[in-house]
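Reading through the structure tokens given below for one structure.
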Amino acid sequence: MAELPKRAQQVAVASVIGAVAGLALTGHRGWRQALAGALAGAAGLGAVEAAARALQRPDEIPALWARIAMSGALAAPAGWTAGVAGAGPAPVGTVAGAAAGALGLRPQKVALGPVVGAAAGLAFAARGARDASTSRLQAGAAAAGAAATAVAGFRVVSALLFRDPQVSLLASQVPAENVPFVVPRGSRTRYVGTGYLADLAATLGGEYTADVADIGIVASLDELAGPGFDPRTADPLVREFYEHTTRFTLDIVPEWRLWVRPGYLLYLTLLARPLGQASVPMNQRAAQRGVRSRIDTVTGAPDAPAVIRGWIRSYADTGDPIYVGIYTTYRHEGRGYVSVGFPLPQASFTATLEPRARPGGGLILDSRGGTVQSGHYLTYIDPATAGLTVLAVHGFAERLDVYTGDDGELRAEHAFAVFGIPFLVLHYRIHRKPGR
């Protein structure tokens with residue numbers, strides 16, 4: 001019975017959205033038709049929401065058909081507003097489709113969105129062209145129809161073409177021990193930044209140590225032993241880098257694919273810099289500012305690992321953060337893994353990487369391993385209960401390849417791909433610090 005009020009609230013919200021959408025589509029026909037349209041929209045979307053919630057199982061999101069109906073209803077009022085302001089159905093549909101495609105993240109969806117949107121917009125524009133006496137309200141209704149059709153149509157076509165899920169819900173409100181492949185460390189504030197470990201120590205009641213002199217991102221490479229990697233075969237320099245990372249400096253050369261640069265620049269400006277997290281250099285000029293690398297630790301915290309290691313990289317000239325990563329290792333069914341958690345406000349993005357031996361004594365860490373443990377996970381951390389809600393992000397992949405070059409120096413390539421399409425490789429030259 002406790003679920004009824006929540007479900008009733010969800011249905012009520014959907015009914016309001018449906019009523020607004022119905023009004024946007026029929027408001028130009030007079031008050032009787034507008035009222036009928038609003039009531040039909042409220043009843044229709046409310047019924048869809050009620051059915052979807054009734055069929056929804058624990059740890060599942062609502063059915064796709066319900067999400068499509070909701071997204072189309074949400075697009076209608078926005079399209080109406082643009083139409084009343086003077087925008088025609090064709091541009092409104094194109095923009096709506098492009099926005100829906102961009103939210104899909106997959107490059108193929110980004111390209112598909114404006115195509116479907118333009119087709120929907122042109123269809124509504126052609127119908128409106130037959131009526132020379134179109135009023136402002138009629139123009140709004142046509143734009144509302146174009147926007148709703150573009151978004152819903154794109155999602156239907158997308159579901160038919162791309163059947164593999166982009167995201168799946170793995171767990172809802174579970175304790176951290178149930179999902180060992182996730183690093184359950186979020187940020188209490190909206191800004192992560194280079195002081196994150198100090199704040200984490202205060203939160204956990206542990207001792208914070210900044211810039212530890214001689215420490216690695218893992219305690220021992222032996223923790224990664226498994227069927228695909230025997231630590232005894234690792235090059236001594238590779239082992240030293242992982243176990244004593246602070247003995248080394250890193251020079252970075254980013255290699256971005258041209259198609260992703262505009263989107264990444266937008267992400268960098270609107271998200272990464274305000275968050276103080278995941279601000280990879282955009283080009284070689286940015287990388288030449290120099291990178292400062294340090295490892296901070298939290299020790300002695302109750303109900304936490306003995307040592308929490310945070311590898312923090314920042315620009316040498318300004319101290320602005322590049323990224324803050326919490327490095328952990330764990331074992332599952334005789335195999336070791338590296339999990340890197342990137343704290344976010346009340347959340348964490350985790351890359352769990354499976355080790356594999358590289359010819360010549362190198363080490364490969366790959367998110368596309370041979371087990372279900374490896375992958376990428378987005379986790380919401382409930383501030384009241386500390387329960388974790390975990391989503392698996394299937395479309396993202398990365399591979400870190402660390403090896404000794406022919407000249408005896410350490411090298412690394414860190415490659416990223418989205419839905420099988422490479423978009424970034426970070427090339428590292430790793431040097432021992434003077435006196436080390």
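List pairs: first in the stretch 59-73 and farther than 14 Å from Ala150 by Cα, second of a type in the set (Val, Ile, Thr) and at pLDDT 90 or above, Cβ under 7 Å, 6+ apart or cross-chain?
Short answer, once both residue conditions are applied: Ala66/Val48.
A quick yes/no check of all residues on (1) farther than 26 Å from Leu170 by Cα; (2) of a type outside the set (A, V, I, L, M, F, W, C):
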position: Gly186; (1), (2): no, yes
position: Arg190; (1), (2): no, yes
position: Leu197; (1), (2): yes, no
position: Thr203; (1), (2): yes, yes
position: Glu207; (1), (2): yes, yes
position: Asp211; (1), (2): yes, yes
position: Asp214; (1), (2): yes, yes
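Check off (1) more than 21 Å from Ala147 (Cα to Cα); (2) buried (at least 19 other Cβ atoms within 10 Å of the Cβ) for Val92 and give me the number that stays unchecked.
Here Val92 meets the rest and fails (1).
In this structure, is Ala111 at pLDDT 90 or above, under 22 Å from Ile68 (Cα atoms) and out of contact with any strand residue (DSSP E or B) (no Cβ under 7 Å at 6 or more places or on another chain)? Write out each step before concluding.
On the way: at pLDDT 90 or above: no; under 22 Å from Ile68 (Cα atoms): yes; out of contact with any strand residue (DSSP E or B) (no Cβ under 7 Å at 6 or more places or on another chain): yes.
No; evaluated as a whole, the condition is false for this residue.
With (1) hydrophobic (A, V, I, L, M, F, W, C); (2) closer than 30 Å to Val20 by Cβ; (3) modelled with pLDDT of 90 or more as the list, and Val174 as the residue in question, which single condition is left unmet?
The number of the failed condition is (2).
Can you list residue pairs whose Cβ atoms sit under 6 Å apart, with the first residue in the stretch 315-331 being in contact (Cβ under 8 Å) with a residue 12 or more places away in the chain and the second being aliphatic (A, V, I, L, M) and not in a strand (DSSP E or B)? Count only pairs 6 or more apart in sequence or on different chains.
Matching pairs, first to second residue: Tyr323/Ala278; Val324/Val192; Ile326/Val183; Tyr327/Ile217; Thr328/Val183; Thr329/Val218.
Being of a type in the set (A, V, I, L, M) and open to solvent by 10 Å² or more (accessible area, probe 1.4 Å) is the filter here, so list the residues in the stretch 288-300 that pass it. Quick ask: steps written out before the conclusion?
Kept after step one, since they are of a type in the set (A, V, I, L, M), are these residues of the stretch 288-300: 291, 295, 298.
The one that is of a type in the set (A, V, I, L, M) and open to solvent by 10 Å² or more (accessible area, probe 1.4 Å): Val291.
Check the stretch 280-299 and report whether any residue there is at pLDDT 90 or above and either assigned to a loop (DSSP other than H, G, I, E, B) or under 20 Å from the mean Cα position of the chain (by Cα) (or both).
No: the stretch 280-299 contains no residue that is at pLDDT 90 or above and either assigned to a loop (DSSP other than H, G, I, E, B) or under 20 Å from the mean Cα position of the chain (by Cα) (or both).
Considering the stretch 9-46 alone, what residues qualify as being modelled with pLDDT of 85 or more and either open to solvent by 60 Å² or more (accessible area, probe 1.4 Å) or among the charged types (D, E, K, R) (or both)?
Filtering the stretch 9-46 down to residues modelled with pLDDT of 85 or more leaves 9-26, 32-46.
Of everything in the stretch 9-46, those that are modelled with pLDDT of 85 or more and either open to solvent by 60 Å² or more (accessible area, probe 1.4 Å) or among the charged types (D, E, K, R) (or both) turn out to be Gln9, Val13, Val16, Val20, Leu23, Leu25, Arg32, Gln33, Leu35, Leu39, Ala40, Ala43.
Do you know which residues across the stretch 218-237 are in contact with a helix residue (DSSP H, G or I) (Cβ under 8 Å, 6 or more places away or on another chain) and in a helix (DSSP H, G or I)? I'd like the intermediate steps shown before the answer.
The first filter runs over the stretch 218-237 and keeps only residues in contact with a helix residue (DSSP H, G or I) (Cβ under 8 Å, 6 or more places away or on another chain), leaving 218-222, 224-225, 231, 234.
Selection gives Leu221, Asp222, Leu224, Pro231.
Might you check whether a residue that is surrounded by fewer than 21 Cβ atoms within 10 Å (Cβ to Cβ), of a type in the set (Val, Ile, Thr) and not in a strand (DSSP E or B) occurs anywhere in the stretch 393-406?
No, that holds for no residue.
Which number in (1) of a type in the set (A, V, I, L, M, F, W, C); (2) touching a helix residue (DSSP H, G or I) at 6+ places or on another chain (Cβ under 9 Å); (3) closer than 23 Å to Ile308 by Cβ marks the one condition that Phe349 misses?
Here Phe349 meets the rest and fails (2).
Which residue is farthest from Val182 (Cα to Cα), if the candidates are limited to the stretch 308-321 and must be surrounded by fewer than 23 Cβ atoms within 10 Å (Cβ to Cβ) and either among the small types (Gly, Ala, Ser) or modelled with pLDDT under 95 (or both)?
Out of the qualifying residues, it is Asp317.
What number of residues within the stretch 417-436 are open to solvent by 30 Å² or more (accessible area, probe 1.4 Å) and in contact with an Asp or Glu (Cβ under 8 Å, 6 or more places away or on another chain)?
In the first step, residues of the stretch 417-436 are kept if they are open to solvent by 30 Å² or more (accessible area, probe 1.4 Å); the result is 419-422, 425, 427, 429, 431-436.
Now drop any that are not in contact with an Asp or Glu (Cβ under 8 Å, 6 or more places away or on another chain), which leaves 425, 427, 429, 431.
Within the stretch 417-436, residues that are open to solvent by 30 Å² or more (accessible area, probe 1.4 Å) and in contact with an Asp or Glu (Cβ under 8 Å, 6 or more places away or on another chain) number 4.
Between residues in the stretch 382-411 that are at pLDDT below 90 and residues that are of a type in the set (S, T, N, Q) and open to solvent by less than 20 Å² (accessible area, probe 1.4 Å), which pairs lie under 7 Å by C-beta distance while being six or more apart or on different chains?
Qualifying pairs under 7 Å: none.
Which residue is most open to solvent (accessible area, probe 1.4 Å), if the candidates are limited to the stretch 198-212 and must be of a type outside the set (S, T, N, Q) and not in a loop (DSSP other than H, G, I, E, B)? Walk me through how you get there before you give the answer.
To start, the set of residues in the stretch 198-212 that are of a type outside the set (S, T, N, Q) comprises 198-202, 204-208, 210-212.
If we keep only those that are not in a loop (DSSP other than H, G, I, E, B) too, we end up with 198-202, 204, 207-208.
On the way: Ala198: 40, Asp199: 46, Leu200: 12, Ala201: 4, Ala202: 76, Leu204: 41, Glu207: 118, Tyr208: 79 Å².
Result: Glu207.
All but one of (1) open to solvent by 40 Å² or more (accessible area, probe 1.4 Å); (2) closer than 13 Å to Ala125 by Cβ; (3) small (Gly, Ala, Ser) hold for Ala85, so report the exception by its number.
Going through the list (1) open to solvent by 40 Å² or more (accessible area, probe 1.4 Å); (2) closer than 13 Å to Ala125 by Cβ; (3) small (Gly, Ala, Ser), Ala85 breaks only (2).
Under 7 Å between Cβ atoms, which residue pairs at least 6 apart in sequence (or on different chains) link something in the stretch 265-278 that is at negative phi with a partner that is modelled with pLDDT of 90 or more and open to solvent by 70 Å² or more (accessible area, probe 1.4 Å)?
So the pair list comes out as Leu275/Tyr191.
If Val116 meets every condition in (1) closer than 18 Å to Leu25 by Cβ; (2) open to solvent by less than 30 Å² (accessible area, probe 1.4 Å); (3) at pLDDT 90 or above apart from one, which number is that one?
Exception for Val116: condition (1).
Show me the helices (runs of 4 or more DSSP H) entirely contained within the stretch 27-108 in which 3 or more residues are over 31 Å from the mean Cα position of the chain (by Cα).
Details: elements: 31-55, 64-84, 89-103.
Ranges flagged: 31-55.
The values are calculated or read from the model by the stated rules, or taken from the named source; none is laboratory data. Just so it is clear, the structure is predicted and the values come from calculations on it, not from any experiment. Note that each Cβ is placed from the backbone with ideal geometry, even for glycine, and that neighbours are counted across all protein chains shown. All accessible areas refer to the heavy atoms of the entire protein, side chains included, with ligands and DNA or RNA removed. Shrake-Rupley method; radii C 1.70, N 1.55, O 1.52, S 1.80 Å.
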